[in-house]
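Asks: One structure is given below, represented as structure tokens, and several questions about it will come after.
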Amino acid sequence: MVTNSGFSTKTNEREKLSRWITELGMKNDSVGVISSQQGWGKLGISQSILVQPLCLAGKEYEWGLGTHADSEIVLRCSKPVKIFRALVGVDHNKDSVNGAAEIRFSVWVGDRCFAESKSLNVGSQPEALAVELNGVTEFTLKVKAATTLNLAHADWVTPEVVTTDGNVIRVGLPETSIFHNSLPVSFVYGGLCSEEWFSKWGIKHTTEEMPDSVKHHYSCNDADTGLQFTMTMREYRDLPACYWNISFKNNSSTTSPILEKIKVLDLSQTARQRMTLYRGRGGFHYEDGKMDGEAFRDNFMLVTDDLKRTKHIAMGGIGGRSSVDWMPYFNFAGDNEGVMFGIGWTGQWYANIIANDNSVMFQAGMEHIHTVLQPGETITQPSILMINWSGNDPIRGHNLLRSFITEKLSPRYDGKPVQAPATHGSWGAMPSHEHIKRIETIKEQKLPYDYYWIDAAWYGQDCPPEGDTFTSEWGMNTGNWRINSMIYPKGLREVSDAAHQAGIKFLLWFEPERAVCGTPITMEHPEYFLGERKTGMNLLLDLGNPDAWKWCTEMVAGMIESQGIDCYRQDFNFSPLPYWQENDTPDRIGISEIRHIEGLYAFHDELLRRFPHLLIDNCASGGRRLDLEMMRRSIPLWASDMQCFPDFITERNQQHVYGLSMWIPQFSFGTEVKHPGDTYHFRSTMAGGIVAHLFPSLTVPIDSDYPFQWLRDRMAEYHRAKVYFAGDFYPLLPLSDSFRDWTAMQFHRPDLNSGIIEIFRKKDSPIVRINLELQGLEPDRIYEVENADTGDKVKYSGKELMETGLAVEITQKRDSRLFFISLYNK
């Protein structure tokens, strides 16, 4: 199976996911196993508690459940059960033979015992239990030690469920899934854990056929309090992926009990030999507090954790933005398989990854939620993506994530996934005639830009032009979205019209969620904002307030319409979490955040509904809101604020492109304006998009001696390469922040049978020659490798490139190579 981008999906990956969902929802003849209580260790499937073959009285058995007293195992069945039968006994192993445990096995429905064994020890012959269950769909297997709990290893072997229509289902086969919950979520409601609540009220499951997926609807209704739980999960047919979200509604006429401790992800993965977690640093991780270009050194760096050594990993959002410290994605590699998770929540999320001896638990959700629901009130929660992958190489999971974002999530225009553009960034406090001069220069020099970009400082009270980001008062005018008529006497439309006439689209910066106290809207409508009302202080627009939401939507939509905006750029330069927390009451913790995030999504959705070809650029101080729900509606064209600082280090751009490519396919970074003619620097910035600075502000005037031919060549190179950044990503060397190493990356499109290889010898590297083993090629096909610098073309077999490798020599430090690789057609 192949996705539209060409990424092949293995059958076993889809089958495992489908089986898991089948057992979860109980669509067909199946039995879900829930390990409710364990005296020690983890429940074994087709093996004992010691991860050895099940053995009773010296005889081994092929399937069953291995546990340790005292234990309770809940079996949840898709159809009514007529009979349950099994052999039971104390597991015979090198440890238990020296023990003195006496154990009883029993079968329960609710608080009624239907069958119980005699007291058994390791020397006892297995006892057969067979019990009529009269059509129940859930029952519990209990094991209780009559004497000591020491070495009380207990086995249910060859267990079978016979349904009322005569089908026999074996329980404890190797492919059986262990559930700790009925659904992959958990919460506490009115002091009752969700498992008890689900058990009391039951879960209803229906399905809906979609063109590319099956939509599963799970619901549970509390007749006493009126709480309705809803979970919607999309199971994709052409990718081993499912995507779910949950909501709660109070259908009663009275306030609900407290709803808290909501985990929208709460499940376990079995693993014994390998337990490795891969996660990525976010858009602004720094530890020394120094605010300069090197404060961004660790942005998007890949972090690898051995969960056999580090048993508990905790991470999450910072200050209410989703990718400041950590990316909201993580990839777990187990025994010849793995699972990739993604979180869709543009606020304060958290994740816990907890390892035990033979399994790993994954939990995630909103960090702060403890609330009642008012009559008729509904709340939504973060969404979760889960992708199964197989094999030993974790890059498989990363490429499936990239493929999912491209094919299933990202904005689409005319039926195709959005392509990040090539843009010319310009400072907003520059007069309109200066912008028009730059547009004319772009046109005259035939520079293939897609967008002309006006950044902050175009708004506020009338004032003269200002130099750049560091000399302007742009931040203090935020919230006053009046066009500065001293800079733009005919409005911004004059500039956008010039861009359109030159064949370029127009991008404009906004920051609608932040307003400085004292700007007109904060005085006219103080009720629209959260925060301390002190002149000059930042206020947060309350997108949960319907009137504030409407004002924001109409203001931005009006500007898009009147000023000819093709790309709406949304920045967000402060932390909203303290504002939400200050606005919440003790019995409504989390509500302000929920309403703001719901409002943010509705705002973007409304803009896209009104302007179907609008591109939304998601900035947030550069790469600090890169969760799945923002990827659904936007792409980040300025993925790091590092490029705001003069003389930032080129090699950090390489790290950022490499690190961010592990998770998302479409983004861009900016070049440093002081590097004209520097091919190494330009290529270090190339990604799906690029912000190629030319003359961005009054401090960088138009220079007729600029090497325009060099820039034309580089941009032509970028436009030829850009389609490959949406394909599979293969790191050819480990990601390193040392200037003595090389950086090498491969981007490949299997559907096009072509791609690119980017190679950088860093500024202090003593290495002159290196051999790179490529990936993702067809071993028996012939490929042509073209050197973009020399035009030389050499033919290799796919096998040779993947096993022997591509030999690359770079004789000068701080130099690069770019190769285009394609299938050779005679």
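The values are calculated or read from the model by the stated rules, or taken from the named source; none is laboratory data. Since this is a predicted model, take the numbers as computed values, not measurements. Neighbour counts run over all protein chains shown; Cβ positions are idealised from the backbone, glycine included. To get the accessible areas, we keep the full protein, side chains included, count just its heavy atoms, and leave off ligands, DNA and RNA. Shrake-Rupley method; radii C 1.70, N 1.55, O 1.52, S 1.80 Å.
Asks: Given the criterion open to solvent by 20 Å² or more (accessible area, probe 1.4 Å), of a type in the set (S, T, N, Q) and touching a strand residue (DSSP E or B) at 6+ places or on another chain (Cβ under 7 Å), identify the matching residue among 573, 545.
Replies: Among 573, 545, only 573 is open to solvent by 20 Å² or more (accessible area, probe 1.4 Å), of a type in the set (S, T, N, Q) and touching a strand residue (DSSP E or B) at 6+ places or on another chain (Cβ under 7 Å).
Asks: Please go through region 781-797 and pick out each residue that is under 14 Å from residue 823 (Cα atoms), out of contact with any Ser or Thr (no Cβ under 9 Å at 6 or more places or on another chain) and touching a residue at least 24 places away in the same chain (Cβ under 8 Å).
Replies: Answer for region 781-797, where residues must be under 14 Å from residue 823 (Cα atoms), out of contact with any Ser or Thr (no Cβ under 9 Å at 6 or more places or on another chain) and touching a residue at least 24 places away in the same chain (Cβ under 8 Å): just 795.
Asks: Return yes or no: is residue 595 crowded, with 23+ Cβ neighbours inside 10 Å and under 18 Å from residue 317 (Cβ atoms)?
Replies: So residue 595 fails the test.
Asks: Condition first: over 16 Å from residue 811 (Cβ atoms), open to solvent by 70 Å² or more (accessible area, probe 1.4 Å) and charged (D, E, K, R). Now tell me which residues in region 750-782 satisfy that.
Replies: 773, 778, 780, 781, listed by residue number.
Asks: What strands (runs of 3 or more DSSP E), lying completely within region 326-410, carry at least 2 residues that are surrounded by fewer than 24 Cβ atoms within 10 Å (Cβ to Cβ) and touching a residue at least 40 places away in the same chain (Cβ under 8 Å)?
Replies: Passing ranges, in order: 337-344, 349-355, 359-366, 378-380, 383-390.
Let's see how each residue does on (1) outside any helix (DSSP H, G or I); (2) in contact with a strand residue (DSSP E or B) (Cβ under 9 Å, 6 or more places away or on another chain); (3) not basic (Lys, Arg):
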| residue | (1), (2), (3) |
| --- | --- |
| 594 | no, yes, yes |
| 602 | no, no, yes |
| 607 | no, yes, yes |
| 612 | yes, yes, yes |
| 621 | no, yes, yes |
| 630 | no, yes, yes |
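Asks: Can you tell me how many residues in region 191-220 are open to solvent by less than 40 Å² (accessible area, probe 1.4 Å) and among the hydroxyl-bearing types (Ser, Thr, Tyr)?
Replies: 4
Asks: Taking the condition touching a helix residue (DSSP H, G or I) at 6+ places or on another chain (Cβ under 7 Å), at pLDDT 95 or above, in a helix (DSSP H, G or I) and surrounded by 18 or more Cβ atoms within 10 Å (Cβ to Cβ), does residue 580 pass?
Replies: yes
Asks: When residue 232 is evaluated against the numbered criteria (1) within 30 Å of residue 13 (Cβ to Cβ); (2) surrounded by 14 or more Cβ atoms within 10 Å (Cβ to Cβ); (3) in contact with a Ser or Thr (Cβ under 6 Å, 6 or more places away or on another chain), which criterion, by number, is the only one it fails?
Replies: Tallying (1) within 30 Å of residue 13 (Cβ to Cβ); (2) surrounded by 14 or more Cβ atoms within 10 Å (Cβ to Cβ); (3) in contact with a Ser or Thr (Cβ under 6 Å, 6 or more places away or on another chain), residue 232 fails exactly one: (3).
Asks: Further question: Every residue in region 717-731 that is under 27 Å from the mean Cα position of the chain (by Cα) and open to solvent by 20 Å² or more (accessible area, probe 1.4 Å), please.
Replies: Those that are under 27 Å from the mean Cα position of the chain (by Cα) and open to solvent by 20 Å² or more (accessible area, probe 1.4 Å): 722, 723, 724, 730, 731.
Asks: Within region 602-635, track down each residue that is free of Cβ contacts under 8 Å to residues at least 40 places away in the same chain and in contact with a Lys or Arg (Cβ under 8 Å, 6 or more places away or on another chain).
Replies: 604, 605
Asks: Among the listed residues 72, 60, which satisfies the condition of being modelled with pLDDT of 90 or more and out of contact with any Pro (no Cβ under 6 Å at 6 or more places or on another chain)?
Replies: 72
Asks: Right, another one. Of the numbered conditions (1) over 24 Å from residue 613 (Cβ atoms); (2) in contact (Cβ under 8 Å) with a residue 40 or more places away in the chain; (3) within 21 Å of the chain's Cα centre (by Cα), residue 419 fails exactly one; give the number of that condition.
Replies: Exception for residue 419: condition (1).
Asks: Residue 725 passes all but one of (1) within 19 Å of residue 424 (Cβ to Cβ); (2) touching a residue at least 12 places away in the same chain (Cβ under 8 Å); (3) assigned to a helix (DSSP H, G or I); which number fails?
Replies: Only one criterion is unmet by residue 725, namely (1).
Asks: Hey, another quick one. Can you tell me which residue is surrounded by the fewest Cβ atoms within 10 Å (Cβ to Cβ) among those in region 174-190 that are part of a loop (DSSP other than H, G, I, E, B) and either modelled with pLDDT of 95 or more or among the hydrophobic types (A, V, I, L, M, F, W, C) (or both)?
Replies: 190
Asks: Identify, please: which residue in region 783-801 is more than 36 Å from the chain's Cα centre (by Cα) and within 20 Å of residue 747 (Cβ to Cβ) and is, among those, surrounded by the fewest Cβ atoms within 10 Å (Cβ to Cβ)?
Replies: Selected residue: 794.
Asks: Same structure again: Got a number for residues in region 78-127 being open to solvent by 60 Å² or more (accessible area, probe 1.4 Å), under 26 Å from residue 20 (Cα atoms), part of a strand (DSSP E or B) and out of contact with any Ser or Thr (no Cβ under 6 Å at 6 or more places or on another chain)?
Replies: Result for region 78-127: 1.
Asks: Name the single residue that is modelled with the lowest pLDDT among those in region 265-285 being within 19 Å of residue 384 (Cβ to Cβ) and among the hydrophobic types (A, V, I, L, M, F, W, C).
Replies: 267
Asks: Determine which member of the set 71, 30 is within 30 Å of residue 216 (Cα to Cα) and under 44 Å from the mean Cα position of the chain (by Cα).
Replies: Answer to the check: 30.
Asks: Could you list, in sequence order, all residues of region 128-157 that are more than 15 Å from residue 33 (Cβ to Cβ), of a type in the set (Val, Ile, Thr), open to solvent by less than 40 Å² (accessible area, probe 1.4 Å) and over 40 Å from the mean Cα position of the chain (by Cα)?
Replies: 131
Asks: With the requirement that a residue be at pLDDT 95 or above, assigned to a loop (DSSP other than H, G, I, E, B) and either among the small types (Gly, Ala, Ser) or surrounded by 23 or more Cβ atoms within 10 Å (Cβ to Cβ) (or both), what does region 678-703 give you?
Replies: Hits for region 678-703 are 686, 687, 688, 689, 692.
Asks: Keeping to region 420-446, report how many residues are in a loop (DSSP other than H, G, I, E, B), of a type outside the set (A, V, I, L, M) and open to solvent by less than 10 Å² (accessible area, probe 1.4 Å).
Replies: 2
Asks: Exactly one condition in (1) open to solvent by 10 Å² or more (accessible area, probe 1.4 Å); (2) farther than 23 Å from residue 706 by Cα; (3) touching a strand residue (DSSP E or B) at 6+ places or on another chain (Cβ under 9 Å) is not met by residue 626; state its number.
Replies: Among (1) open to solvent by 10 Å² or more (accessible area, probe 1.4 Å); (2) farther than 23 Å from residue 706 by Cα; (3) touching a strand residue (DSSP E or B) at 6+ places or on another chain (Cβ under 9 Å), the lone unmet condition for residue 626 is (1).
Asks: Still on this model: Could you pull out the residue among 734, 707 that is in contact with a Gly (Cβ under 6 Å, 6 or more places away or on another chain), open to solvent by 40 Å² or more (accessible area, probe 1.4 Å) and at pLDDT 95 or above?
Replies: Only one candidate passes the filter, namely 707.
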